[in-house]
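First up is the structure itself, then whatever we jot down about it.
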Amino acid sequence: MVYHWLLDRLLPERCALCAAPAAPGGLCPGCRRDLPWLAHACPRCARPLPPGAPSGPFGACQRQPPALDACIAALAYELPVDRMVQLLKFHGRLDLAPVLGRLLAEALAERRPPWPWPDLLLPVPLHRRRLHQRGYNQALEIARPLARRWHLALAPQRVRRCRPTPPQSGLDARARRVNLRGAFRVQGRLDGLNLALVDDVMTTGSTLDALARALRRRGARRVEAWVCARTPPPGP
Ligand SMILES: [Zn+2]
Ligand SMILES: [Zn+2]
């Protein structure tokens, strides 16, 4: 309990976005209200569903189910969320990790299906060179408040990115898969385990897809992905 109290003290006392006096969680009421929540989305790929469409997976995700059993993206990757993520990743604003983690926790509490909680929480790994440059893995820092809140085992050492992956932008789906082939190494067997991958941003989903496949090959029973933000999908 003392630990929780201490962590709450470490959250910024001013709003992380506009410096107004903050509400619990690190954002002031005004900034919270304006957040682009992504509540109406496909439960398999987290792409936003058209307004008024019934909730449930897209037809494409039903016909050809993705490697992920479920994917929850808390927010759309647009202002101010994109700014928060960029500050966290490229400007050393580590204080934003618990703010984003708590927003993700709220989305999970509201939208996650009533499944058993995962046995392991796996932050999407950075290649060690990138980790060395940045000094921390933002996915791991975002996963910490989730692990605390639901008493989940955080296992960042179980997956490694064994080579730096070249940028994925400009590649089609097939080329992205080839680009990521063999990029991740899973430690040990995961037979019968339910897992949740945690990341800051989901763009095309190819990284999470590659990881989910690698985890399944090691025996994982169910693989979910929990991400703070999802970029708008490319046009139809
Ligand atoms: Zn604010
Ligand atoms: Zn989908």
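Some notes on this structure:
- Considering the range 53-63, and only residues there that are free of Cβ contacts under 8 Å to residues at least 12 places away in the same chain and open to solvent by less than 80 Å² (accessible area, probe 1.4 Å), the residue that is nearest to ligand 2 (Cβ to nearest atom) turns out to be 60.
- Count of the range 64-86 residues, restricted to those that are open to solvent by 40 Å² or more (accessible area, probe 1.4 Å) and either free of Cβ contacts under 8 Å to residues at least 60 places away in the same chain or closer than 24 Å to residue 136 by Cβ (or both), is 6.
- Filter pass, residue 46 being open to solvent by less than 70 Å² (accessible area, probe 1.4 Å), more than 14 Å from ligand 1 (Cβ to nearest atom) and in a loop (DSSP other than H, G, I, E, B): yes
- Residue within the range 132-139 that is under 21 Å from residue 220 (Cβ atoms), at pLDDT 95 or above and either surrounded by fewer than 14 Cβ atoms within 10 Å (Cβ to Cβ) or touching a Ser or Thr at 6+ places or on another chain (Cβ under 7 Å) (or both) present: no
- All of 129, 111 fail the test of being modelled with pLDDT under 95 and crowded, with 18+ Cβ neighbours inside 10 Å, apart from 111.
- Test set (1) loosely packed, with under 12 Cβ neighbours inside 10 Å; (2) more than 23 Å from residue 129 (Cα to Cα) - residue 226 fails condition number: (1)
- Here residue 199 qualifies as open to solvent by 10 Å² or more (accessible area, probe 1.4 Å) and part of a strand (DSSP E or B).
- The residue that is modelled with the highest pLDDT, counting only those in the range 6-33 that are assigned to a loop (DSSP other than H, G, I, E, B) and more than 8 Å from ligand 1 (Cβ to nearest atom), is 26.
- Sole exception among (1) surrounded by 16 or more Cβ atoms within 10 Å (Cβ to Cβ); (2) on the phi > 0 side of the Ramachandran plot; (3) over 16 Å from the mean Cα position of the chain (by Cα); (4) of a type in the set (Gly, Ala, Ser) for residue 205, by number: (3)
- With a requirement of 3 or more residues that are touching a strand residue (DSSP E or B) at 6+ places or on another chain (Cβ under 8 Å), the helices (runs of 4 or more DSSP H) lying completely within the range 85-176 that satisfy it span 96-111, 138-150.
- For first residues located in the range 17-34 and within 16 Å of ligand 2 (Cβ to nearest atom), partners that are open to solvent by 30 Å² or more (accessible area, probe 1.4 Å) and lie 6+ apart or on another chain with Cβ distances below 7 Å do not occur.
- The set of residues from the range 90-99 being in contact with an Asp or Glu (Cβ under 7 Å, 6 or more places away or on another chain) and open to solvent by less than 50 Å² (accessible area, probe 1.4 Å) comprises just one member, 97.
- Reported count of residues in the range 61-97, each being within 17 Å of residue 206 (Cα to Cα) and of a type in the set (Gly, Ala, Ser), is 3.
The values are calculated or read from the model by the stated rules, or taken from the named source; none is laboratory data. Treat the numbers as computed from the prediction; the structure is a model and nothing was measured. Neighbour counts run over all protein chains shown; Cβ positions are idealised from the backbone, glycine included. Heads up: the accessible areas ignore ligands, DNA and RNA and are worked out on the full protein's heavy atoms, side chains in. Shrake-Rupley method; radii C 1.70, N 1.55, O 1.52, S 1.80 Å.
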